[in-house]
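One structure is given here, and the rest of the page talks about it.
The values are calculated or read from the model by the stated rules, or taken from the named source; none is laboratory data. Treat the numbers as computed from the prediction; the structure is a model and nothing was measured. Counting neighbours? That spans all protein chains shown, and the Cβs are built from the backbone with ideal geometry, glycine included. The protein model used for the area step is the full one, side chains on, heavy atoms only, and it has no ligands, DNA or RNA in it. Shrake-Rupley method; radii C 1.70, N 1.55, O 1.52, S 1.80 Å.
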Amino acid sequence: MKKQKEHKHMGKRIVLGAMFLILAAVCITIYQNTTIVVSNYLVESEKITSDFDGYQILQLTDLHSTTQSMVEKTVAIVNEQKPDLIVITGDLIDSTVYNKELQAYNAGESGEIPGTRMLQMLEQIKEVAPIYFIYGNHEMMLLDDPQNNSFKVALEEMGVQILNINNATITKGNTSINLLGIQDPATLYKDTTYAYVDSTESRVKMMLNEVTDGVDTHNFTILLSHRPEYFEVYQEYDIDLALTGHAHGGEFRIPFIGGIYAPNQGYFPTYDKGVYESDNFKMIVGVGIGNSKIPVRIFNTPEIVVVTLKTK
């Protein structure tokens with residue numbers, strides 16, 4: 001009888017212990033999916049002049065039409081950080097959400113244009129710093145009406161600069177840095193120049209050839225690109241820093257190992273989060289803020305990246 005009671009007590013302790021672990025895991029997951037961390041990176045280069053020493057670039061990526069709560073947290077962080085420049089490296093919208101909003105708008109069931117929540121977020125941060133944006137694969141939804149799309153027009157009217165296959169010069173004092181932008185290659189399926197090229201890598205190289213042509217390589221050069229898997233391609237060009245997203249940190253992360261799965265990289269992706277380097281070239285992969293097909297992250301807290309430039 002005594003042994004039976006001991007076994008029962010042991011069984012209860014095991015069950016209670018398992019329940020506690022499950023509850024703790026659920027609480028941690030909820031917390032991690034409703035919190036945004038700021039990841040700070042220091043990038044040093046001899047090309048960075050004293051004018052840009054300490055210059056801060058805030059990167060948002062993969063918002064995927066995120067919740068109102070996460071929008072409010074994003075706005076608060078951006079206003080607190082007060083960066084010199086804001087860049088958005090794709091997937092500001094989520095194709096599924098956007099499509100539903102578009103259908104409701106076209107049917108007269110909603111007076112708000114598709115992507116209104118994202119537009120409201122940008123309205124609240126546009127005075128902090130200039131904003132540059134490139135299309136991710138989910139912005140493919142905007143290409144059905146590439147010129148007059150209501151979301152794109154609203155972005156441009158509020159001063160967001162769309163840097164698809166284009167470049168800009170950022171000047172401070174007497175010196176400048178180059179800002180290059182290429183859109184996700186999947187969004188070029190209707191483009192008369194790029195559509196005939198089946199390989200996404202070939203499309204990426206064509207875009208890079210275009211945006212680097214004539215650029216002053218003496219200036220520190222930053223590339224905005226959605227996809228990190230083309231790291232080896234980017235390093236072939238006169239680019240010092242690439243800011244990317246798309247991988248969502250591997251969705252689920254195993255501590256000390258890394259991400260489980262990333263789009264276009266498959267299982268255990270090589271480029272999922274953080275800094276990757278080769279010689280004088282660096283690439284930073286942001287894990288993003290929102291979720292898409294996989295609605296939850298595990299050990300993978302949503303993130304805003306802040307890059308500080310420093311003279312070497």
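The table below lists the values:
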| read-out | value |
| --- | --- |
| Order by protection proxy (mean Cβ within 10 Å, highest first), peptides 213-222, 50-59 | 50-59, 213-222 |
| ³J(HN,Hα), Karplus 6.51/-1.76/1.60, whole Hz, each residue of the stretch 69-76, x for Gly, Pro | 4, 6, 4, 4, 5, 4, 4, 4 |
| Global geometry of the stretch 121-263, whether rounded, prolate or oblate, following the gyration tensor of its Cα atoms and the 1.5 cut on a/c | rounded |
| Karplus 3J(HN,Hα) series, Hz, for the stretch 124-141 with 6.51 cos²θ - 1.76 cosθ + 1.60 (x for Gly, Pro) | 7, 10, 5, 7, 5, 6, x, 10, 10, 9, 10, 6, x, 5, 6, 6, 3, 4 |
| Exposed-site-free run, longest, the chain (rule: GluC sites (Glu not before Pro); DSSP loop; at most 14 other C-beta within 10 Å) | 128-235 |
| Relative contact order of the chain, pairs being alpha-carbon contacts under 8 Å that are 6 or more residues apart, as % | 26 |
| Unsatisfied cross-links (Cα-Cα over 22 Å) in the set Lys172/Lys273; Lys82/Lys310; Lys47/Lys205; Lys282/Lys310 | Lys172/Lys273; Lys47/Lys205 |
| Percent accessible area from carbon and sulfur atoms, the chain, protein chains only, probe 1.4 Å | 52 |
| Overall form of the stretch 89-191 per C-alpha gyration tensor (a/c, 1.5; a/b vs b/c) | oblate |
| Global form of the stretch 184-312, assessed from the alpha-carbon gyration tensor, a/c cut-off 1.5 | oblate |
| Most positive-pole-ward Cα, Leu63, Val87, Gly249, against dipole of the chain from beta carbon charges | Gly249 |
| Approximate shape of the chain as ellipsoid semi-axes (Cα gyration tensor, √5λ), whole Å, largest first | 37, 25, 20 |
| Estimated dipole of the stretch 79-158 in Debye, rounded to 20 [Cβ of Lys and Arg +1, of Asp and Glu -1, Cα centre] | 80 |
| Accessible area (Å², per residue) of the stretch 204-312, counting only protein heavy atoms and a probe of 1.4 Å | 42 |
| Ser278/Val37 FRET efficiency (R0 22 Å; Cβ-Cβ; nearest 0.05) | 0.25 |
| Pairwise label distance in nanometres, Glu72 with Lys172, each label 7 Å out on the Cα-Cβ vector | 3.3 |
| Karplus (6.51, -1.76, 1.60) ³J(HN,Hα), θ = phi - 60°, over the stretch 186-198, in Hz, Gly and Pro reported as x | 5, 7, 9, 5, 10, 5, 5, 8, 9, 4, 6, 8, 6 |
| Residue-span extension gain [Tyr261 to Ser110] - 0.36 nm each, minus C-alpha spacing | 50.8 nm |
| Among Asn291, Asn209, Asn174: highest mean-square fluctuation, GNM of the chain, C-alpha pairs under 10 Å | Asn174 |
| Amide hydrogen neighbours beyond the local backbone of Thr221, cut-off 5 Å, H modeled | Asn178, Asp240, Leu241 |
| Amide hydrogen neighbours beyond the local backbone of Gln235, cut-off 5 Å, H modeled | none |
| The stretch 156-179 residues near the modelled Asp213 label - backbone nitrogen below 15 Å, point 7 Å along Cα→Cβ | 165-167 |
| Point-charge dipole on Cβ atoms (K/R +1, D/E -1) for the chain, about Cα centre, debye to 20 | 2200 |
